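A.B. asks: Here you go, one structure.
The values are calculated or read from the model by the stated rules, or taken from the named source; none is laboratory data. Quick caveat: nothing in here was measured; it's all calculated off a predicted structure. Backbone-built Cβ (ideal geometry, glycine too); neighbour counts: all protein chains shown. Note: accessible area is taken over every heavy atom of the protein model, side chains too, but ligands, DNA and RNA are not part of it. Shrake-Rupley method; radii C 1.70, N 1.55, O 1.52, S 1.80 Å.
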Amino acid sequence: MYRKNSTRIFTFFCSLLLTSISIFSPVLAVNEDFDDPNDNVISQNEAIYELIEEQPEDSPAVNGKSYALYDTASKAFLIGSDIDVQLEPASITKVMTCLLALEKINLDSIVTITQPMIDNIPDDYVKLGLIVGEEVTVKDLLYSALLKSCNDAALALGVYMGGTEKDFCKMMTDKAKEIGCTNTNFTTAYGFADPNNLTTSHDMCLILEEALNCPEFTNISTTYQYTISPTNKYTDERTITNTNRFISTQELGYDYYVGGKTGYTDTAGNTLCSAATKNGRTLIGVILGSTSSDQRYYDMISMFDYGFSNYTTIAIDDSEFASAYTTTLNRFEESLVKTNLIVENSNMELSSYLTVPSNRASLGNTISVELSKVNVDLSKSEQSFNIPLYKTFADDKTYIVGCIKVSIRAKDRLITVNPEKNTIWTKIKNILITIIGILVLIIVLILAMYIFLGKTKKRKDKEFNRKSRVL
């Protein structure tokens with residue numbers, strides 16, 4: 001009988017202990033059902049090229065093997081053709097050469113001309129007339145390369161920075177990759193007619209955009225005339241005039257032009273990359289392989305005018321999505337009630353701008369958040385979610401313009417900032433408190449067991465004594 005009671009007590013003790021330990025285990029619940037998904041949407045990456053795919057029939061006809069018009073705010077290509085086809089850029093190669101010079105060397109630095117800086121440039125290529133041993137400033141070389149397209153000036157800059165033209169071309173190609181170009185390979189610092197010196201309209205837009213980040217690039221490329229002071233080899237001044245007709249002629253002068261470069265070789269044809277800013281909005285145009293020197297300018301103006309008139313770039317405002325953000329967090333908190341999970345971090349990441357056709361922008365838009373695919377796994381202690389945010393226009397065109405990022409962790413793994421830091425000692429202390437609590441519970445149970453056994457024995461003794469008296 002005594003052994004049987006002991007077994008019952010031990011069983012009771014074990015069940016109570018297991019119940020106390022289960023307090024530290026996460027509580028599971030059914031995942032919350034969210035709204036149905038909307039699959040007919042344009043992602044942020046797709047929005048970069050989506051406008052070209054729906055290019056209107058009334059968009060400008062452009063003489064060239066490839067062309068592109070790009071919005072620097074939204075990073076979207078508005079119109080274009082064969083924008084990723086590799087072609088020779090000719091002298092617009094110099095945009096990358098001058099970009100690296102503006103980034104890496106001081107304008108007042110002196111370059112002493114060496115033989116490799118003027119070697120192997122064909123006789124019919126434009127030159128400044130640099131002489132071995134001549135000392136020229138970086139600034140003079142930049143103006144010569146951008147205004148008059150002097151090939152010896154561009155080569156001198158390249159060799160000065162890279163040691164050799166080959167090594168500098170690697171610097172150029174690496175820089176192109178760094179800024180997002182995927183089909184560019186430079187083999188010349190100045191635009192020599194090399195079939196391996198290749199880029200695309202897409203990539204040249206990115207290269208010119210990067211150059212525009214250097215204010216001096218705009219200052220130089222929009223200068224009408226520049227005078228080079230006498231050097232140790234030239235006693236006279238040398239005056240150069242900008243050959244870009246956006247600057248040098250009234251007929252093709254374009255009020256919004258803010259920088260660019262022209263190019264030509266027999267194999268590349270006529271090339272042009274240009275930027276224009278109107279009402280605070282900057283567009284970049286590139287034309288490769290045009291058959292007409294004059295037509296490329298007219299076509300570029302047509303592209304700019306069309307882009308400014310027919311497309312609207314919308315700023316994405318955080319306040320638009322404040323309600324969607326609050327709703328999303330509330331849904332998470334509701335789904336985590338009575339669980340061991342909690343929202344640890346949350347934030348919104350939005351595109352800065354979205355470009356759409358002006359007639360679409362005029363129709364207005366609505367804001368929404370996609371919660372249908374959000375499933376919280378209550379058995380996992382760490383989870384992260386990227387929840388799409390939508391802007392839908394009245395013509396049912398829907399764009400993803402950002403996301404709400406939410407991370408979830410188990411409560412007992414959260415870092416406590418106040419009132420004390422979650423140090424190693426804090427973790428050890430919490431473990432010790434838990435162990436002490438369990439030990440106290442065990443002691444109480446043991447005492448209860450002994451009290452129970454004592455009362456049982458005392459009761460048995462009384463029954464035995466009573467029976468003895470009866471006998």
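A.B. asks: Output yes when any residue across the range 266-274 is open to solvent by 40 Å² or more (accessible area, probe 1.4 Å), within 24 Å of D203 (Cα to Cα) and of a type outside the set (D, E, K, R), and no when none is.
C.D. replies: Taking the range 266-274 first, the residues open to solvent by 40 Å² or more (accessible area, probe 1.4 Å) are 266-267.
Within this subset, residues satisfying the condition of being within 24 Å of D203 (Cα to Cα) are 266-267.
Subset that is of a type outside the set (D, E, K, R): 267.
Within the range 266-274, one or more residues are open to solvent by 40 Å² or more (accessible area, probe 1.4 Å), within 24 Å of D203 (Cα to Cα) and of a type outside the set (D, E, K, R).
A.B. asks: Quick check on V374: is it at pLDDT below 95, out of contact with any Leu (no Cβ under 7 Å at 6 or more places or on another chain) and farther than 25 Å from V41 by Cβ?
C.D. replies: no
A.B. asks: Here's a follow-up. Can you tell me how many residues in the range 130-166 are open to solvent by 20 Å² or more (accessible area, probe 1.4 Å), over 16 Å from Q225 (Cα atoms) and touching a strand residue (DSSP E or B) at 6+ places or on another chain (Cβ under 8 Å)?
C.D. replies: 4
A.B. asks: Does the range 212-229 hold any residues that are in contact with a Leu (Cβ under 6 Å, 6 or more places away or on another chain) and open to solvent by 50 Å² or more (accessible area, probe 1.4 Å), and which are they?
C.D. replies: E216
A.B. asks: Among the helices (runs of 4 or more DSSP H) lying completely within the range 245-341, list those that include at least 2 residues that are closer than 22 Å to G191 by Cβ.
C.D. replies: The qualifying helices (runs of 4 or more DSSP H) are 245-248, 293-310.
A.B. asks: I've got another one for you. Among the candidates T241, T262, T249, T291, which residue alone is crowded, with 17+ Cβ neighbours inside 10 Å and either without any contact (Cβ under 8 Å) to a residue 24 or more places away in the chain or of a type in the set (S, T, Y) (or both)? Break it down into steps so the answer makes sense when it comes.
C.D. replies: Details: T241 fails: crowded, with 17+ Cβ neighbours inside 10 Å; T249 fails: crowded, with 17+ Cβ neighbours inside 10 Å; T291 fails: crowded, with 17+ Cβ neighbours inside 10 Å.
Unique residue meeting the criteria: T262.
A.B. asks: Also, quick follow-up: Quick one: count up the residues across the range 317-332 that are open to solvent by less than 20 Å² (accessible area, probe 1.4 Å) and either of a type in the set (A, V, I, L, M, F, W, C) or closer than 19 Å to A47 by Cα (or both).
C.D. replies: So the answer is 3.
A.B. asks: Just for the range 186-197: of the residues that are buried (at least 18 other Cβ atoms within 10 Å of the Cβ) and under 16 Å from T271 (Cβ atoms), which one is farthest from the chain's Cα centre (by Cα)? Show your work before the answer.
C.D. replies: The initial filter retains those residues of the range 186-197 that are buried (at least 18 other Cβ atoms within 10 Å of the Cβ), namely 186, 188-192, 197.
Subsequent filtering for residues that are under 16 Å from T271 (Cβ atoms) retains 186, 188, 190-192, 197.
Details: F186: 25, T188: 30, Y190: 30, G191: 30, F192: 33, N197: 28 Å.
Checked the range 186-197; the qualifying residue farthest from the chain's Cα centre (by Cα) is F192.
A.B. asks: Would you mind finding the one in S358, S352, S335 that is polar (S, T, N, Q), closer than 20 Å to F77 by Cα and over 24 Å from the mean Cα position of the chain (by Cα)? So that I can check it myself, show each step before the final result.
C.D. replies: Numbers: S352 fails: over 24 Å from the mean Cα position of the chain (by Cα); S335 fails: closer than 20 Å to F77 by Cα.
The unique qualifying residue is S358.
A.B. asks: Moving to a separate point now. Does the range 294-310 hold any residues that are in contact (Cβ under 8 Å) with a residue 60 or more places away in the chain and either within 28 Å of N151 (Cβ to Cβ) or surrounded by 24 or more Cβ atoms within 10 Å (Cβ to Cβ) (or both), and which are they?
C.D. replies: Selection gives Q295, R296, D299, M303, G307.
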